[in-house]
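Since the structure comes first, as C-alpha cells, the remarks are kept for the end.
We did not get these values from a lab; they are worked out from the coordinates using the rules stated. Note that the structure is a prediction, hence the values are computed from the model and not measured. Here Cβ is always computed from backbone atoms with ideal geometry, including for glycine, and neighbour counts include all displayed protein chains.
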Amino acid sequence: MPITSPTWRLEDHRMASITPLKTSAELALIAQGAGLSAERQTAFGRFAASGLPHRRVEAYHYTDLRALLKDAPPLAKAGGIAPSGFAFDGVDALCVSIIDGFPNLDGVKAVSGVSLSLSGDAPDDGLAPNSVFPVAGDPIVALNAAFVDQTLHIMVEAGQTVEKPILLRFVTTHAASAYSRVVVTVADGAKLTLIETHEGVASALANSVVQVVIGDDAQFEHIRVNLADHQATVLTTFGGCMGARSSLSSGNFVTGGGLSRHQVFFRLEGEGSTATVSGASMLNGRQLADTTLVVDHAVPECVSREHFAHVLDDEATGVFQGKIIVRPHAQQTDGKMMSRAVLLQDGATMNNKPELEIFADDVQCGHGATVGALDDDLLFYLRARGLPKPEAEALMLQAFVGEALEMIAHDGMRERLEALSEAWLKARS
C-alpha cells in the first residue's frame with residue numbers, strides 16, 4: 001500500500017498562522033473577566049482582543065508579559081490586614097492604606113482643603129476624552145479599568161498648600177491579583193506631595209494606576225517606592241496632565257518585585273510648565289524592572305527633565321524606554337532625557353531605548369544612554385587608600401544612585417531612600 005501524506009488546505013495553514021494560543025495567565029484572566037458588569041466589559045474587551053502583550057508589541061519588546069506571567073492568581077477580596085513593621089512608619093504624613101486593592105479610609109484624619117472619597121464608576125481605560133493613556137490601548141491600564149472595585153479620589157482645593165504629604169500604602173497580603181485606582185486633582189495654585197509605597201508577598205500580582213490633574217500655578221511632587229517581594233509582580237501606571245506655570249516632580253525607587261513595570265504618561269498642556277521625572281533601580285538575582293516613559297509637550301515654552309540610574313547585579317535585567325514628544329505648535333520646548341546603568345556582573349542586562357519625536361523647529365531637546373561597569377581606575381584609587389573592595393564599590397554606587405535621588409525635593413523621603421540604597425549595598429557586600 002502506498003504511503004500518502006496528509007492533505008493540507010491553504011485555509012488551515014492561514015488559520016494556524018494567525019490563531020495565537022492562550023497562555024495559562026491569559027486563560028485565568030479571561031475566566032476572571034466573565035463575571036464583569038456591562039460597563040466594565042468595554043475595557044476588558046480591549047484586553048481580551050489582543051491578550052497579554054509580547055515582544056512583537058513595540059512598547060513591550062523588552063518586557064514580554066505573555067512569556068513572563070506564568071499565571072494570574074485569583075482576584076483579591078476585601079478584608080486584608082497590612083503587616084506591621086512598615087519601612088516608612090516614621091514619615092510625618094497622612095497615611096491611607098490600600099489593602100489588596102481596596103482603599104481604607106477608616107480612621108483617616110481630615111485635612112483642611114483636602115477631600116477624600118470613593119466611587120465605583122468605571123475608570124478611564126484610554127477612551128475618556130483627553131485621556132493621557134495611549135489611544136491604541138494599553139493592556140495594563142485596560143485590565144486595571146476592568147477589575148478595579150473602587151476608585152480613591154483625592155481633591156486639593158485651589159490655593160491650598162497641604163503641609164504634610166499624603167502617603168498611599170499599597171499592600172498585597174496574599175497570592176492574589178489586586179487592582180487599584182487613585183485619581184488626584186490639584187486645583188489652581190495648590191501644592192501637594194504624594195507618596196506611594198508598594199509591598200507584596202511572593203506570587204502576588206498588583207496592578208495600580210494613579211492619575212493626576214495639575215491646575216495652573218500648582219505644584220505636585222510624587223514619589224513611588226517598590227519594596228515588594230522578589231517573587232511578586234508589580235505593574236504601576238502614573239499618568240496625568242499639567243496646567244500653565246505648574247510644576248511636577250516625580251521620583252521612582254525600585255529594589256523590590258521579581259517583575260516590575262512602571263509606566264509614566266504625562267502631557268504638558270499649559271505654557272510655562274516644568275516636569276522633572278527621575279528614578280533609581282537597584283536589582284539583583286533574576287529581577288526585571290521596566291520603566292516606560294512618555295512626556296508629551298503639547299504647548300510652547302515648557303521644560304522637562306528625565307534622569308534614571310540603574311544598578312544591576314547577578315542576572316538582573318533593567319529596561320528603560322523613554323520618549324519625548326514635541327507637538328507642532330510647542331515651540332521653545334526644552335527637553336532632556338538621560339538613562340545610565342552600571343552592570344556589576346557579566347550576567348546582568350540593560351536595555352535602553354530613548355526617543356525624541358519632534359514636530360517643531362525652535363526647540364532644545366536631547367537624550368542619552370550609557371551602560372558600563374564601575375571605573376577600574378577610580379576603584380583602584382580608592383582601594384590604594386585603604387578601602388576594601390566592597391566598601392569602595394559601595395561608595396561609588398552610592399554616588400551614582402545619589403544623582404537621581406537628589407532630584408527628590410522632600411528631605412525626609414530622600415534621606416529614607418538613601419538609607420534603603422545603603423542597606424541594599426551593605427547586603428550585597
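Taking only the Cα atoms of region 350-407, the ratio Rg/Rh comes out at 1.19, with Rh defined as the Kirkwood radius.
Note that region 411-423 has calculated 3J(HN,Hα) couplings of 4, x, 6, 4, 5, 5, 5, 4, 5, 5, 5, 5, 5 Hz, one per residue in order, obtained from phi through the Karplus relation 6.51 cos²θ - 1.76 cosθ + 1.60 (θ = phi - 60°); glycine and proline are x.
On the beta carbon distance between LEU118 and TYR381, with R0 = 60 Å, the FRET formula returns roughly 0.60.
Restricting to region 23-374, what percent of DSSP beta bridges are antiparallel, rounded to 5? Could you put the intermediate results ahead of the total?
Numbers: 10 of 145 bridges.
The antiparallel proportion sits near 5 percent.
As a proxy for reagent exposure, ranking CYS241, CYS365 by other Cβ atoms within 10 Å from fewest up yields CYS365, CYS241. Residues within the reach of a label modelled at HIS230 (point 7 angstrom out along Cα to beta-carbon, backbone nitrogen below 17 Å), restricted to region 349-375, are 349. Sites listed here are chymotrypsin sites (Phe, Trp or Tyr not before Pro) in region 359-429 whose DSSP assignment is loop and whose Cβ has at most 13 other Cβ atoms within 10 Å: PHE359.
Taking the number of Cβ atoms within 10 Å of each Cβ as an exposure proxy, the fewest-first ranking of HIS329, HIS367 is HIS329, HIS367. Residues whose amide H lies under 5 Å from that of CYS95, counting only those 5 or more places away or on a different chain, are LEU167; hydrogens are built 1.01 Å from N in the peptide plane.
Which percent of the Cα-Cα distances in region 23-374 go past 31 Å?
Numbers: 18857 of 61776 pairs.
Cα-Cα pairs of region 23-374 separated by over 31 Å account for 31 percent.
Exposure proxy ranking for VAL225, VAL303, based on other Cβ atoms within 10 angstrom of each Cβ and starting from the fewest, stands as VAL303, VAL225. 3J(HN,Hα) along region 334-345: 10, x, 9, 9, 9, 10, 10, 9, 10, 9, 8, 9 Hz, from the Karplus curve 6.51 cos²θ - 1.76 cosθ + 1.60 with θ = phi - 60°, whole Hz, x for Gly and Pro.
Can you give the relative contact order of the chain as a percent, counting alpha carbon pairs under 8 Å and 6+ residues apart?
Working: 1070 pairs, mean separation 39.7, N = 429.
Answer for the chain is 9 percent.
Computed from label points 7 Å out along Cα-Cβ, the spacing between ALA49 and ASP64 is 2.5 nm.
Go through GLY200, GLY272, GLY215 and say which Cα lies farthest out towards the positive end of the charge dipole of region 23-374; charges sit on Cβ, +1 for Lys and Arg, -1 for Asp and Glu. Positive-most Cα among the choices belongs to GLY200. The radius of gyration of the Cα set in region 262-349, together with its Dmax, comes out at 15.4, 46 angstrom.
Quick one: which of LYS70/LYS353; LYS77/LYS109; LYS70/LYS109; LYS109/LYS426; LYS109/LYS336; LYS22/LYS353 span more than 31 angstrom between C-alpha atoms?
Numbers: LYS70/LYS353 26 Å; LYS77/LYS109 25 Å; LYS70/LYS109 41 Å; LYS109/LYS426 38 Å; LYS109/LYS336 40 Å; LYS22/LYS353 29 Å.
Result: LYS70/LYS109; LYS109/LYS426; LYS109/LYS336 exceed 31 Å.
Placing dummy labels 7 Å off each Cα toward the beta-carbon, the span from ALA202 to GLU403 is 3.7 nm. Would you pull out the residues with amide H under 5 Å of GLY335's amide H, same chain only if 5 or more places away, H placed 1.01 Å from N? When sequence neighbours closer than 5 places are left aside, the close amide H contacts are SER304, GLN364, CYS365, GLY366.
A crude spin-label estimate for the pair ALA136 and LEU21, with each label 7 Å from Cα along the Cβ direction, gives 2.7 nm.
Antiparallel versus total DSSP beta bridges in region 72-222: what percent is that, nearest 5?
Numbers: 10 of 45 bridges.
Just about 20 percent of them are antiparallel.
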